[in-house]
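A.B. asks: The following block contains the structure, expressed as structure tokens.
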């Protein structure tokens, strides 16, 4: 029996490699809340927080349907984290949506998403390291 092909992390990306996400997070505005019904203050804060993550840069390119999924995740997440009304189904649904939205390290690997290195911060560290080694004579 032939051996199965080895995992190729670039397969399906047509040689482009992983999608690089901005380390500082998405800099655009959060979309308008897409779900019907009243929006609580906690939902609004969580919604804005979700749209400031690096993953939101990828969501923004996926169209308006993705915003609905993120909004559903916000609602399910808040129900799952509520101390008095946690249902096992809410926890399971939150975990599934985290994977779909690339919010876990494993999900990011499977989606071929990487947070790009922060080149400015790396330069600062390299420069400050060199200054620490220089001594006045």
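The values are calculated or read from the model by the stated rules, or taken from the named source; none is laboratory data. These figures come from a predicted structure and were not determined experimentally. Here Cβ is always computed from backbone atoms with ideal geometry, including for glycine, and neighbour counts include all displayed protein chains.
A.B. asks: Is it true that residue 79 is exposed (fewer than 11 other Cβ atoms within 10 Å of the Cβ) and either touching a strand residue (DSSP E or B) at 6+ places or on another chain (Cβ under 8 Å) or modelled with pLDDT under 95 (or both)? Reasoning before the result, please.
C.D. replies: Numbers: exposed (fewer than 11 other Cβ atoms within 10 Å of the Cβ): no; either touching a strand residue (DSSP E or B) at 6+ places or on another chain (Cβ under 8 Å) or modelled with pLDDT under 95 (or both): yes.
No, not satisfied.
A.B. asks: Scan the stretch 25-40 for residues that are more than 15 Å from residue 67 (Cα to Cα) and loosely packed, with under 14 Cβ neighbours inside 10 Å and jot them down.
C.D. replies: 27, 37, 38, 40
A.B. asks: Against the condition modelled with pLDDT under 95, exposed (fewer than 11 other Cβ atoms within 10 Å of the Cβ) and farther than 19 Å from residue 105 by Cβ, how does residue 61 come out, does it pass? Walk me through how you get there before you give the answer.
C.D. replies: Numbers: modelled with pLDDT under 95: yes; exposed (fewer than 11 other Cβ atoms within 10 Å of the Cβ): yes; farther than 19 Å from residue 105 by Cβ: yes.
Here the answer is yes, as residue 61 does meet what is asked.
A.B. asks: Give the stretch 57-75 a look and list any residue that's more than 13 Å from the chain's Cα centre (by Cα), more than 14 Å from residue 100 (Cα to Cα) and in a helix (DSSP H, G or I), or say none.
C.D. replies: Hits for the stretch 57-75 are 64, 75.
A.B. asks: Can I ask one more? Quick check on residue 80: is it without any contact (Cβ under 8 Å) to a residue 24 or more places away in the chain and not in a loop (DSSP other than H, G, I, E, B)?
C.D. replies: It is true that residue 80 is without any contact (Cβ under 8 Å) to a residue 24 or more places away in the chain and not in a loop (DSSP other than H, G, I, E, B).
A.B. asks: Against the condition more than 29 Å from residue 18 (Cβ to Cβ) and surrounded by 14 or more Cβ atoms within 10 Å (Cβ to Cβ), how does residue 90 come out, does it pass? Break it down into steps so the answer makes sense when it comes.
C.D. replies: Values: more than 29 Å from residue 18 (Cβ to Cβ): yes; surrounded by 14 or more Cβ atoms within 10 Å (Cβ to Cβ): yes.
Yes; evaluated as a whole, the condition is true for this residue.
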